[in-house]
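S.K.: So that we are looking at the same thing, I have put the structure below in structure tokens.
Every read-out reported here was derived from the displayed coordinates using simple, explicitly stated rules and does not represent laboratory data. All figures in this text were calculated on a predicted structure; none of them were measured in a lab. Methodologically, a virtual Cβ is constructed for each residue, glycine included, from the backbone with ideal geometry; neighbour enumeration extends over all protein chains shown.
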Amino acid sequence: MRCLMRRKVRLTAIQICYSLPLCCMVLVFTACSNMLAGNGPPSTPTVRPTPSPTMPLPAPKADSKSYLSEELTRDELEKVQKIMAGMTLDQKLGQLIMVEYLGNSYQASGLQEMIAQQFVGGFMYQASNHNFDAPDNVVSTLDAFSRQAMNDARVPLLIATDQEGGLVNRLYTFHGYLPSAAEMAATGNPAVARQQGAQAAQWMRQLGMNADLAPVVDVQTVDPPILETRMFGNTPQVVVTYAGAFLNGLQENSVAGCLKHFPGLGAVTSDPHLGLPVVNRSLTQLESIDLAPYRMMIAKDNPAMIMSTDVLMPAIDPNLPAELSPKAINGLLRNQLGYNGVVITDGLYMEGISQRWTLAQAAVLSIVAGDDLVEGPYTPGQVAAVVAAFKQALQHGQLTIERIDQSVERILLLKVQYGIIR
């Protein structure tokens, strides 16, 4: 595991401190979007404009710092430790959960309860969950919604969406069609991808969002691809060039980015929302294709987050989907690829997971595996079940408080670095 850096002193996070089946609601939820369906309304234009290479690049905020460095100051680390020292167990466990919500009522949806009483670490906006229905289809109104949520949170929230452009265009309601990954790469100009990331970041901040579960770094190797136009290219280098530019555009403008879907969906031939896909590649093939973008981008782009997903790769782990596998997360992503940032799961309600485990069971397995943020609960009852499962795992020794603290610290450090915690 790569150690956190504090000036010239090397410190690890530990050393510093220490349901209902979702198949009947498949149209409502998605952590990374339904891979086959668009996200705009029926009137989404079929003629999709190519982005202009001359679009002006938004400047970073005057008070923003470069979030592309892994250097942590003593003050940042001490701030996080002070926050953690004052947290109850329930508050720490809540930080490990990112929720969704149904509809656009802050109270009736249960979102206020999940934030104010269950202490969740963040929430996601999803157009498919009707979060942007009127009156929340106006920038000022949604920003007010975000501010209300922040005001109710004991620890400032990660407020996320997965804004990619093209088929997964969460900002459609506010800004219309935006180019896909494939369209950005087709321009032959990485500056276009960076400009799109920067513009998305500015728009997201106007809506009160501070995290984008993008870009996709899967390498397209089947035709037709399940992810359609969501991938930047069919070689690791093309993906790294354009996804890296998009990521930098986000992170230079104070929005935490997220590489997905680890360890890779570029070769899948079935939709992970509907079952567990299997990729039967050798480890050598995986290293040269699917894992290559992560190896290169972890080293040079410092992604704030990485999303693990539900794909079975027998060469890595023949038994468990990657997001629930200690071999994939702690073994491969953390120890071999050297990533010590925040790892978030894909939606644990997806059928590749829910056909075998409850959301609460999968949540425990994901934290055991090395993930930090569990994405998927969407009611206070589901959050309560996940928290109860965490506590039971602590009682039985499946989890330890040191392991919980490790993830809480990563999450809080991300929030400090991105100015979410000030």
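S.K.: Just check the range 118-169 against the gyration tensor rule for me: Cα atoms, a ≥ b ≥ c as the square roots of the eigenvalues, rounded for a/c under 1.5, and otherwise prolate or oblate depending on whether a/b exceeds b/c.
M.R.: In terms of gyration-tensor shape, oblate.
S.K.: Tell me, what is the FRET efficiency for TRP357 and VAL139 to the nearest 0.05, using R0 = 41 angstrom and their Cβ-Cβ distance as r?
M.R.: 0.60
S.K.: What are the ³J(HN,Hα) values, in whole Hz, obtained from phi via the Karplus relation 6.51 cos²θ - 1.76 cosθ + 1.60 with θ = phi - 60°, for each residue of the range 380-394 in sequence order, with x given for Gly and Pro?
M.R.: x, x, 5, 4, 4, 5, 5, 4, 4, 5, 4, 5, 5, 5, 5
S.K.: Please list, ordered by chain and number, the residues whose modelled amide H lies under 5 Å from the amide H of GLY275; skip anything fewer than 5 residues away on the same chain.
M.R.: The list, which skips near neighbours in sequence, is GLU351, GLY352.
S.K.: Which length gain, in nm to one decimal place, applies between THR284 and SER105 when the Cα-Cα distance is subtracted from 0.36 nm times their residue separation?
M.R.: 59.5 nm
S.K.: What shape does the range 134-227 take by its C-alpha gyration tensor, where a ≥ b ≥ c are the square roots of the eigenvalues and a/c under 1.5 counts as rounded, a/b above b/c as prolate, and the rest as oblate?
M.R.: Verdict is prolate for the range 134-227.
S.K.: How many angstrom lie between the Cα centre of the range 204-248 and the Cα centre of the range 126-172?
M.R.: Cα centroid of the range 204-248 versus Cα centroid of the range 126-172: 21 Å apart.
S.K.: By the scheme Lys and Arg +1, Asp and Glu -1, what is the net charge of all other residues having a beta-carbon under 11 Å from that of ASN131?
M.R.: In short, -2.
S.K.: Taking Rh as the Kirkwood radius, which is the inverse of the mean 1/r over Cα pairs, what is the Rg/Rh value for the range 249-318?
M.R.: When Rh is taken as the Kirkwood radius, the ratio is 1.02.
S.K.: Show me, for the range 266-273, the HN-Hα J-couplings you get by feeding each phi into the Karplus relation (A = 6.51, B = -1.76, C = 1.60, θ = phi - 60°), rounded to Hz, glycine and proline as x.
M.R.: 3J(HN,Hα) across the range 266-273, in whole Hz: x, 10, 6, 10, 9, 6, x, 5.
S.K.: Right, next: Amide H to amide H, which residues 5 or more places from HIS261 or on other chains are under 5 Å from it, using H placed in the peptide plane?
M.R.: VAL217, ASP218
S.K.: Next question, about the same structure. If you put +1 on each Lys and Arg Cβ and -1 on each Asp and Glu Cβ, how big is the dipole of the range 204-280 around its Cα centre, in Debye rounded to 20?
M.R.: I would put it at about 160 debye.
S.K.: Something else now. For the range 199-257, max minus min Cα coordinate along each principal axis, in Å, sorted largest first?
M.R.: Taking max minus min along each principal axis of the Cα atoms, the range 199-257 gives 38, 20, 14 Å.
S.K.: Express in nm, to one decimal, how much length is gained between ARG403 and LYS300 on full extension, taking 0.36 nm for each residue of separation and deducting their alpha carbon distance.
M.R.: Working it through step by step, the gained length comes to 34.3 nm.
S.K.: Using R₀ = 45 Å, calculate the FRET efficiency as 1/(1 + (r/R₀)^6) where r is the Cβ-Cβ separation of ASP90 and PHE174; round to 0.05.
M.R.: Calculated value: 0.80.
S.K.: Hey, another quick one. To the nearest µm²/s, what D does Stokes-Einstein give for the range 312-414 at 20 °C and 1.002 mPa s, using the Kirkwood radius over alpha carbon pairs as Rh?
M.R.: The Stokes-Einstein estimate is 154 µm²/s.
S.K.: At R0 = 41 Å, how high is the FRET efficiency between HIS396 and THR187 if r is their beta carbon distance? Nearest 0.05 is fine.
M.R.: Rounded to the nearest 0.05, the efficiency is 0.15.
S.K.: Between GLN81 and LEU274, how many nm apart are label points set 7 Å from Cα along the C-beta direction?
M.R.: Computed distance between label sites GLN81 and LEU274 equals 5.2 nm.
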